[in-house]
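Here the structure is laid out as structure tokens; the discussion comes afterwards.
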């Protein structure tokens, strides 16, 4: 019924570094120095930078000597803030702050699920910095099309009246919190209602057994992108997470292709 992006199991990580925001909030991150272009991973809704895909890309970039950045959004992981206060706009600003202050030169952005939406918003805001995009089950406009549109009337009423509703999730014993603030702010960042003026190379990877983000979303996104260099790869037996060994191998091959194309 609702979009679910789950944290993947991971081994304990080294202590995160901290980027301070002007309002006193902090962004936790892991950064690897290396050659250009760099890679930046943008995680999904209620996920964090310790997930399988984030750490697989870390190892991949280490092996290639490539620069790499992964971080936690406001209200996620070990960054500051309450999730109840989070919005798409806030997460976009986190991504921009991380890229502006923690990376140099061209970057390939890899966005997973809702991170695919933030990937696009970031690319639109910093087109001169983006060498390529790779969406993994990318979910642009997720708050409207995959959350609000799927909520039963009673849940919508509760969100509007009480300001939030907590729904059960198989991925979290506490369920997921959906706030009126998140839904209303999301409407200020919708992209799928018209052309999307992203001109860089874009690769979209999607599982055809994804129960949370329909694979047709990637086809619709490909149609709306201005770039003429767009490819969609469908994994027939792939689910939303795309974290099997073969899925991860495909992911790293696709990132390698984008990096090689953009290499100086």
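What follows draws every value from the coordinates through simple rules; no lab data is involved. These numbers were taken from a predicted model, which means no experiment stands behind them. Cβ atoms come from the backbone with ideal geometry, glycine included; neighbour counts cover every protein chain shown.
Model label points for residue 209 and residue 161, set 7 angstrom from Cα along the Cα-to-Cβ axis, are 4.0 nm apart.
What fraction of the Cα pairs in the chain, stated in percent, has a spacing above 29 angstrom?
25
Calculated mean residue ellipticity at 222 nm for the chain: -10000 deg cm²/dmol, from DSSP H runs with n ≥ 4 weighted as -39500 (n - 2.57), summed, divided by the residue count and rounded to 500.
What is the helix-to-structure angle for 245-262, meaning the angle in degrees between its Cα long axis and the longest Cα principal axis of the chain, kept from 0 to 90 and rounded to the nearest 10? Value to nearest ten degrees: 60. For the chain, the longest principal axis of the C-alpha atoms and the axis of helix 88-102 are separated by about 20°.
Work out the FRET efficiency for residue 187 and residue 35 from their Cβ-Cβ distance, taking R0 = 45 Å, and round it to the nearest 0.05. The formula returns an efficiency of 0.65 here. Fewest-first ordering of 55, 156 by other beta carbons within 10 Å of each residue's beta carbon gives 156, 55.
Put in order of Cβ neighbour count within 10 Å, fewest first, the listed residues 176, 73 become 176, 73.
Legend: ranking of residues 227, 113, 79 from fewest to most surrounding C-beta atoms inside 10 Å; resulting order 227, 79, 113. The C-alpha atoms of the chain define a longest principal axis, and helix 114-125 lies at about 60 degrees to it. In this structure, residue 246 and residue 144 have a Cβ-Cβ separation that, at R0 = 22 Å, corresponds to a calculated FRET efficiency of about 0.10.
Orientation-averaged projection of the range 32-172 equals 8.8 nm² [convex hull of Cα atoms, one quarter of hull surface area].
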